[in-house]
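The values are calculated or read from the model by the stated rules, or taken from the named source; none is laboratory data. Given the structure is predicted, the values throughout are model-derived calculations rather than measurements. As a convention, Cβ positions derive from the backbone with ideal geometry for all residues, glycine included, and neighbour counts pool all protein chains shown.
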Ligand SMILES: NC(=O)c1ccc[n+]([C@@H]2O[C@H](COP(=O)([O-])OP(=O)(O)OC[C@H]3O[C@@H](n4cnc5c(N)ncnc54)[C@H](OP(=O)(O)O)[C@@H]3O)[C@@H](O)[C@H]2O)c1
């Protein structure tokens with residue numbers, strides 16, 4: 001299938017590892033010109049040949065400055081993928097009924113919502129010129145908020161609302177805005193020794209590997225296995241492709257059937 005992404009200029013946030021790295025690799029394989037922004041680079045990212053821009057997107061001015069750097073190198077931009085997200089919980093969050101202090105909520109919203117809004121705001125003039133596409137990576141936590149830390153689930157739900165509303169505002173001008181919703185995916189969030197699930201395992205006094213192994217089943221994923229980041233990347237490519245002009249305002253679940261509602 002020709003997705004007509006060859007030569008497109010693509011910006012992916014959080015492409016140094018995990019789902020973002022898989023998205024970078026997938027666009028590079030399609031012949032796109034890819035830049036990614038995160039706080040640090042990795043050997044795996046360097047091996048892709050993508051351009052790297054260092055920035056903390058949770059800082060209020062981080063997204064604007066990062067996008068300015070990207071557009072200074074080439075003012076054209078066809079695709080923005082808002083992928084950077086996640087985060088860890090602070091001490092005490094696990095025993096707080098609101099899953100964290102005011103600072104925890106502010107920090108989680110800064111990365112999982114504000115970074116995407118600010119990056120999109122900075123990139124929108126170029127995307128309008130290119131009649132391009134925005135794809136944001138949400139989470140199944142947004143659709144079942146009781147099963148995840150509340151600040152994260154709430155920020156992702158807001159990201160869904162932002163994306164659907166923006167799709168309405170810019171769709172007629174040729175910019176398509178869509179969301180991809182993964183369930184448990186095999187990345188550092190799940191398997192990293194400093195990731196969220198390692199933190200959760202320590203809180204529950206459980207073996208980390210045993211908790212990771214149990215998560216797909218407990219989460220209702222019908223494959224019984226974590227999703228591979230490449231699978232999320234394939235959906236991102238399709239939604240970003242100009243061969244999908246009617247994919248506007250969609251929220252595409254890649255969740256192994258975890259969502260039980262119709
Ligand atoms: N894995 C899952 O099970 C799962 C499920 C549903 C949704 N998601 C969502 O999928 C997206 C990717 O998650 P992942 O699992 O691939 O996470 P990951 O492996 O932890 O990767 C996160 C990426 O975001 C970057 N990042 C984090 N904080 C940043 C900051 N302040 N400024 C700039 N970049 C930052 C990281 O690079 P640096 O650390 O170098 O900055 C890294 O490149 C997130 O939005 C997450 O919420 C994941």
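Before moving on, here are some points about what is shown:
- Residues (part of a helix (DSSP H, G or I) and within 9 Å of the ligand (Cβ to nearest atom)) located in segment 38-51: 45
- Condition met for residue 84 (near the ligand (Cβ under 7 Å from one of its atoms), at pLDDT 95 or above and either buried (at least 22 other Cβ atoms within 10 Å of the Cβ) or not in a loop (DSSP other than H, G, I, E, B) (or both)): yes
- Between 78, 56, the distinction of being closer than 24 Å to residue 235 by Cβ, assigned by TED's automatic domain parsing to the domain that holds residue 159 and under 19 Å from the mean Cα position of the chain (by Cα) belongs to 78 only.
- Put simply, of 188, 155, 133, 148 the only residue that is within 14 Å of the ligand (Cβ to nearest atom) and under 23 Å from residue 64 (Cα atoms) is 155.
- Leading residue by the ranking (surrounded by the fewest Cβ atoms within 10 Å (Cβ to Cβ)) among those in segment 1-19 that are within 16 Å of the ligand (Cβ to nearest atom) and farther than 12 Å from residue 35 by Cβ: 17
- Any hit, segment 52-73, residues being in a loop (DSSP other than H, G, I, E, B), more than 15 Å from the ligand (Cβ to nearest atom) and touching a helix residue (DSSP H, G or I) at 6+ places or on another chain (Cβ under 8 Å): no
- Top-ranked residue of segment 134-153 - restricted to ones that are assigned to a helix (DSSP H, G or I) and under 15 Å from the mean Cα position of the chain (by Cα), ranked as surrounded by the most Cβ atoms within 10 Å (Cβ to Cβ): 152
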